[in-house]
1. Please compute the volume of the convex hull spanned by the alpha-carbon atoms of region 1-117 and report it per residue in Å³.
2. When a/c is below 1.5 the answer is rounded, else prolate if a/b is larger than b/c, else oblate, so apply that to region 1-41 with a ≥ b ≥ c taken from the square roots of the Cα gyration tensor eigenvalues.
3. With a ≥ b ≥ c the root eigenvalues of the C-alpha gyration tensor of region 17-67, is it rounded (a/c under 1.5), prolate (a/b larger than b/c) or oblate?
Amino acid sequence: MISVVIPALNEEAAISPTLEALQDLPGVAEIIVADGGSLDRTTEIARSAGARVVKCERGRGPQLHAGALAAEGEVLWFVHADTRVGPRASERVLETLANPGVVGGTFTLSFDGDARSSRVMNAVQPLAGPLRLYYGDSTIFLRRETYFALGGFRPYPLFEDVDLIAKMRKSGRFARLPEKVVTSCRRFQEKSLLRTFTRWSVLQSLYWMGVAPKTLGRYYAPVRRAGTP
């Protein structure tokens, strides 16, 4: 069975559609919201939707790992609080992992809305596959035993997803499924698309060059705060 883990911090404006999309999916045994200290209604919304809330240290890496430690399912599926999955997504996760040669995988990413930023980001998404640029926005799934054998998510404020995926790819086949999940384009809508994309590209390059994620995290501010949409 599948345990879904959602890291959250002040996500009252985004988390409800995510939880609704996950509810009653076949094979999903539990939904865990790993909360890093929300000051809004995030935890209240999560519990009302039937999710289990785990209070933990703030930071996406620590939160994801705390959720994994609390999970009981044979499969771990990590979903961001502003990402919505399709009605057959859980079935595709289980079908993919039925192949012993597949270590885990992700879905194809799509950005929501009709804003210019969404259109631009959706236009460049086809490059992600050939360039092997996969992130947690498109969700990550793998067997529980594999997760812990690989050491799980490191306590990084960002690029914790890139690190785990790199370890997964070294241990077996990493699948990118054609089915889409839809995530928010809010980071690009609230600021200049070019400036945000450039900053992310620079941070990614510095990470590949060996700069510590904790250092890079200082330059990657959250887009949601308590009391803001």
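1. Output value, Cα hull per residue: 116 Å³.
2. Oblate.
3. Taking the square roots of the gyration eigenvalues as a ≥ b ≥ c, region 17-67 is oblate.
FYI, it's all coordinate maths here, none of it is from the lab. Remember, it's a predicted structure, so these values are computed and weren't measured experimentally.
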